[in-house]
Amino acid sequence: MEDKTIEKSMMQGAVVLVVTSFIVKILSAVYRVPFQNLVGDEGFYVYQQVYPIYGIAMTLSLSGLPVYLSKLLAAKETKEEQTKVVDYFFLIVSLLSIVGFVILYFGSYLLSHAMGDTELAPLIRMVSFMFLLVPFLSTYRGFYQGKMEMKPTAFSQLVEQGSRVIVILAAGYLFLVNDWSVYKMGTIATAGALVGGLSALLILFSYGRKNKSAPKLARRELAGFKHFSKRLIIEGGTLCFFSAYLVIFQLVDSFTVKQYLVFNGFDETSAKIAKGIFDRGQPLVQLGLVVAISMTATFLPTLTKYYVTRQHQKYQETVQSYLKVSAAIASAASVGLALVLPYTNKALFSDNSGEMTLVLFMFSIFFVSMIQSYQTIYQSQSLMRYQFVAALLGLFTKIIFTPTLTYYFNTEGASISTILGLGVCFLVMHQYLIRQQNKIKLSKEYISKLIISLSLMSGILLCYRFVLEQMNWSEYGRFASLMMTLIGVVIGFSVYMACVIQSRLFTKNEWEMLPFGKKVINYFY
């Protein structure tokens, strides 16, 4: 009876964490829209230039490091071993975080100069303080997750994101009414990261004190410290690298896009505005990813169970299904958002500037979603090295091509460089998986059905766009554009779903693993 109570409590905690993570991701994508509306494209540029640095700190403290620590703690049987792991973890992360803080704070002028805008230095100094909170946030969250207590992490991340968004939007409003410079506004907005981090730490600390279960962060003997350090940096670093992969791509853009627009003949203000318009793609992609990744999350427990229990045939079948569903959802999200982009752009950001740049950028949804799927498969088999190699090759491609493509093709080139980098990472992961297990690959029949379904959806949406062009849709207001977006989404989704069901793209088992899948089976199978 007690075991059932514990299991029920664990399940409830896991559900709370999943739901909270979903809310936080939605909030993270949505707040940028009113913020951009308040501060304009130049103000949005200022904030987005420094955001990737915060994004890396947030990933370390929220997902990458806590997940790694929780896995280490779950593998230890005695309390003494767990205490030792927490001590080592906290010490190493603290040392690395202090190094990160020193580089950012004292090197802020050099970094802002490398970005081509020295007025960004105060923003970088402000966000550098977030790194001092990383050891505490990641240790507390990892410690509780290792004990299968998910609620502290869930509530702390909700409070962190909520308080941060309030500060950011307040900064945008004060900028509007007080005639601040975009850089003063940006500095206050980035302070939201620090406010959010401190709020989250207060929640975690209060929980530990109330339940007398907080980790004891005291140094003990250092036997085995070197081995632990190496393991944390390699394994934990790889996990964090993938968790922050898209954010690292954004960081590359911060150091290159604006500068190479200037080299191409843009004046400073025009280059900043163009970069701000380019950054509109981030919230749109995030929303697409939330849908694509959350829809496939139901496969993960089944995948893990089959691999651990050595049910190889079922594992391969589940991997196959996972890739099929991921490819179908991710490709539909990319193509669909690209085709309704003009109306979405005007509805959210007041005009349709940078249409082609943003249309191209939408295709990164497909690659990021598929990379996430392959990463899950690799992690279930503990194949860390191949993930890391693929990620490095993709990042190297992004770094090499962004300056040249931006110089010759402006922000459209920056979008293409992102797709190229993600595409290389995806192809390397895909090829290795096929070479390792040649049974795991999508059939020609499936690919043909998928292409036909996407083509029919695209054809209908192009007809929809043609009709709206004849009606001079661009002369209508933002609310009308929002309605056009929603109608387009409904039309595209309906046509695509009809094609998927009619062509039997998924088996009954695959439908059962998806939300509302059983209803589809009842009505159409």
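Observations on the model:
- For peptides 167-175, 504-512, sequence by mean Cβ density within 10 Å, most packed first: 167-175, 504-512
- Within-15-Å neighbourhood charge of SER199 [Cβ basis; K, R +1; D, E -1]: +1
- Computed over the alpha carbons of the stretch 315-387, Rg followed by Dmax gives 16.0, 48 Å.
- Working from Cα pairs under 8 Å separated by at least six residues, relative contact order for the chain is 16 percent.
- Estimated dipole of the chain in Debye, rounded to 20 [Cβ of Lys and Arg +1, of Asp and Glu -1, Cα centre]: 1840 debye
- Distances between every pair of Cα atoms in the stretch 381-525, grouped in 5 Å steps from 0 to the bin holding the largest one, split as 2, 8, 10, 10, 11, 15, 17, 14, 8, 3, 1, 0 percent.
- Residues of the stretch 123-149 with an amide N closer than 16 Å to a point placed 7 Å from the Cα of PHE225 along the Cα-to-Cβ direction: none.
- Considering only alpha-carbon pairs that sit under 8 angstrom and 6 or more positions apart, the relative contact order computed for the stretch 44-199 is 31 percent.
- Net charge of the neighbourhood of ILE501, taken over other residues with C-beta under 15 Å away and scored Lys/Arg +1, Asp/Glu -1, is +4.
- Extension reserve of the PHE205-GLN316 stretch, reckoned as 0.36 nm per residue once the Cα distance is removed: 35.7 nm
- Anisotropy class of the stretch 323-462 from Cα gyration tensor, a/c 1.5 cut: oblate
- Subset of LYS151/LYS518; LYS441/LYS518; LYS76/LYS210; LYS151/LYS272 violating a 32 Å alpha-carbon distance limit: LYS151/LYS272
- For the stretch 84-243, convex hull of alpha carbons as volume per residue, Å³: 131 Å³
- Expressed as a whole percent, the proportion of Cα-Cα pairs in the stretch 435-515 lying more than 19 Å apart is 54%.
- Environment charge of ASP267, counting only residues whose C-beta is closer than 14 Å and scoring Lys/Arg +1, Asp/Glu -1: 0
- Cα gyration tensor shape of the stretch 143-194, rounded if a/c is under 1.5, else prolate or oblate by comparing a/b with b/c: prolate
- Cα centroid separation - the stretch 91-138 against the stretch 368-408, whole Å: 25 Å
- Note on LEU482 and THR78: their simple-model spin labels are 6.1 nm apart, each label 7 Å out from Cα toward Cβ.
- Percent of Cα pairs in the stretch 406-458 per distance bin of 10 Å, from zero to the largest separation: 20, 26, 37, 16, 1.
- This ranking places VAL99, VAL165 by how few other beta-carbon atoms lie within 10 Å of each, fewest first, which gives VAL99, VAL165.
- The stretch 408-525: relative contact order in percent, alpha carbon pairs under 8 Å with at least 6 residues between: 25 percent
Every number in this text was worked out from the coordinates using simple rules, so none of it is lab data. Here the structure is a predicted model, which means the values were calculated and not measured. For neighbour counting, all protein chains shown are included, and Cβ atoms are generated from backbone atoms with ideal geometry for every residue, glycine included.
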